[in-house]
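Just so you know, all these numbers are worked out from the coordinates, no wet-lab data involved. Model, not experiment: these values are computed from the prediction. Note: ideal-geometry Cβ built from the backbone for every residue, glycine included; neighbour counts use all protein chains shown.
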Amino acid sequence: MSDREQAIFEAGIKLGALYHQWVGTPISQESAASVESAIEKAVILQPFVEEITVRLDRSLMKKNVFGYSELSGLMFDVEIVTRVGFSYCRAVLSPETGYPLMKIAECHEIAPFSDH
């Protein structure tokens, strides 16, 4: 497997794990920023993750009878960058036509530095 393929795999697996780990979490408009930060701080610890940005759509957070909402896939707007070797992959999780779609946005390689 090439570094590029591994970077793509890592981005996909990180987004899938993030989605399934956090969907259903109790949330409110007041707690959304701390949940965004917690997700970012957890995911950035994982191997191959270079950057992650998580934004949650607060307009979809409607209080239930107990005063909170549950995090749903459609609330996610996530961008992640993974790196394996000199290969980078940027992937996103965001709502598209009513579905929380995960997709590869771009991949590229940088040339290694040469001593010559």
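Here's a check for you: in the range 38-92, which residue that is acidic (Asp, Glu) and more than 13 Å from the chain's Cα centre (by Cα) is farthest from Gln21 (Cα to Cα)? Write out each step before concluding.
Looking only at the range 38-92, we keep the residues that are acidic (Asp, Glu), and these are 40, 50-51, 57, 70, 77, 79.
With more than 13 Å from the chain's Cα centre (by Cα) added as a condition, the list becomes 57, 70.
Values: Asp57: 18, Glu70: 13 Å.
This residue is Asp57.
Against the conditions (1) over 23 Å from Ile8 (Cβ atoms); (2) touching an Asp or Glu at 6+ places or on another chain (Cβ under 6 Å); (3) among the hydroxyl-bearing types (Ser, Thr, Tyr), where does Ser87 fall short? Just the number, please.
For Ser87, the exception is condition (1).
Select from the range 40-84 the residues that are in contact (Cβ under 8 Å) with a residue 40 or more places away in the chain, polar (S, T, N, Q) and farther than 14 Å from Gly12 by Cβ and list them in ascending order.
Selection gives Ser69, Ser72.
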